[in-house]
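Everything on this sheet refers to the single structure shown next.
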Amino acid sequence: MNTAIITCALTGVLTDPRQHPVPVSPEELADSAREAFEAGAACMHVHFRQQGAGKGHLPSWDPALAVEIAQAIREACPGVILNFTTGTVGHDQSGPMACIRAGKPEIAACNAGSLNYLKVRADGRWAWPPMLFDNPVEKIEALLAVMRGEGVRPEFECFDLGIVRSVSMFAEVGMVAQPQYNLVMGVASGMPADPELLPLVLKYLRPGALWQVTAIGRDEVWALHRRAAALGGHLRSGLEDTFYLPGGARASGNGALIEALAGVAREEGRGVASADEARALFGLA
């Protein structure tokens, strides 16, 4: 596949705007999306944050806010594809479901399995209290039902090889017809951001499936982006995933990260998909 779709992960769920240059308000998200769009991103992965003063580090599932953000990004980036987050801890998914129904994204993330979400600091302490990111099959089935009802394409977030293999079983039992994979590599308790691992993981995807890599980490993730581009995958970066450009300099914003990622794609002989081309490749046209 010669043309690469680039997704920009604008904000994320953990990044604190008091410490990092992540966009939070609809206006900030639209401005940042425009920079990424002009640099080559055809799809925006969107998280929602609380809007009150000092609350921008907290998630929001307000459907009215989702609509406001979606409209702002679409106005700033004509033809852009929106991809909504859906991740929750626990069984209550009413918030993400309401945001999907209200905001009408073309794509939404579907976390395809559970993960002990862990990280250890250099001094041997937990970076945060160990937590279970729980995504049992019944939770996935309920979310997929809403996506089908709204005509939203699921993107299966896969944090380890067992989750990748589970997605194939979802297809076998009829939960999804043609799964689209997002291989999340670099979470400390999931698959490492290892370029040598990627070809092995690809063996376990459904034949002909669309796939992309989400590379989490510092400047070392760029070798993985390059391998993904060389192997024909679609690409993703943004301030949710890294703050660092190739070579280790801190990124000024999403536009700089996407500009660097588009450069990697072109160096590997890949074209960068326009919004219209991305819609056709995703089967959204």
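The values are calculated or read from the model by the stated rules, or taken from the named source; none is laboratory data. Please read all numbers here as calculations on a predicted model, not as lab measurements. Quick reminder, even Gly has a Cβ in these numbers, built from the backbone with ideal geometry, and neighbours come from all protein chains shown. Please note that ligands, DNA and RNA were not included when accessible areas were found on the heavy atoms of the full protein model with its side chains. Shrake-Rupley method; radii C 1.70, N 1.55, O 1.52, S 1.80 Å.
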Problem - Answer residue from segment 199-250, given it is small (G, A, S), part of a loop (DSSP other than H, G, I, E, B) and touching a residue at least 40 places away in the same chain (Cβ under 8 Å) and is farthest from T85 (Cα to Cα) among those - result: G232
Exercise for the section: Kindly list, by first and then second residue, each pair from a residue in segment 84-100 that is within 14 Å of P136 (Cβ to Cβ) and in contact (Cβ under 8 Å) with a residue 12 or more places away in the chain to a residue that is open to solvent by 30 Å² or more (accessible area, probe 1.4 Å) and assigned to a helix (DSSP H, G or I), limited to pairs with Cβ atoms under 8 Å and residues at least 6 apart or on different chains. Expected result: Q93/A142
Handout entry: Any hit, segment 53-72, residues being open to solvent by less than 70 Å² (accessible area, probe 1.4 Å), of a type in the set (V, I, T), in contact with a Phe, Trp or Tyr (Cβ under 9 Å, 6 or more places away or on another chain) and more than 26 Å from L210 (Cα to Cα)
Key = yes
Completion exercise
Of the residues in segment 73-86, those that are open to solvent by 60 Å² or more (accessible area, probe 1.4 Å) and farther than 17 Å from I107 by Cα number 1
Problem - Hits in segment 189-215 (condition: aliphatic (A, V, I, L, M) and open to solvent by 50 Å² or more (accessible area, probe 1.4 Å)) - result: L200
Problem - Top-ranked residue of segment 1-46 - restricted to ones that are more than 18 Å from the chain's Cα centre (by Cα) and open to solvent by 70 Å² or more (accessible area, probe 1.4 Å), ranked as nearest to E68 (Cα to Cα) - result: E27
Problem - Among residues of segment 252-285, those that are part of a loop (DSSP other than H, G, I, E, B) and modelled with pLDDT of 95 or more, counted - result: 6
Practice task
Determine whether R49 is open to solvent by less than 20 Å² (accessible area, probe 1.4 Å) and basic (K, R).
Solution key: yes
Handout entry: Selection within segment 219-232 - modelled with pLDDT of 95 or more and either in contact with a helix residue (DSSP H, G or I) (Cβ under 8 Å, 6 or more places away or on another chain) or surrounded by fewer than 21 Cβ atoms within 10 Å (Cβ to Cβ) (or both)
Key = W222, A223, L224, H225, R226, R227, A228, A229, A230, L231, G232
Handout entry: Selection within segment 211-259 - within 20 Å of Y181 (Cβ to Cβ) and touching a Phe, Trp or Tyr at 6+ places or on another chain (Cβ under 6 Å)
Key = W211, G233
Exercise for the section: Could you check how many residues of segment 149-183 are in contact with a Pro (Cβ under 9 Å, 6 or more places away or on another chain), free of Cβ contacts under 8 Å to residues at least 40 places away in the same chain and open to solvent by 10 Å² or more (accessible area, probe 1.4 Å)? Expected result: 3
Problem - Candidate set: segment 105-141, residues that are over 20 Å from the mean Cα position of the chain (by Cα) and of a type in the set (A, V, I, L, M); chosen: the one farthest from M175 (Cα to Cα) - result: A122
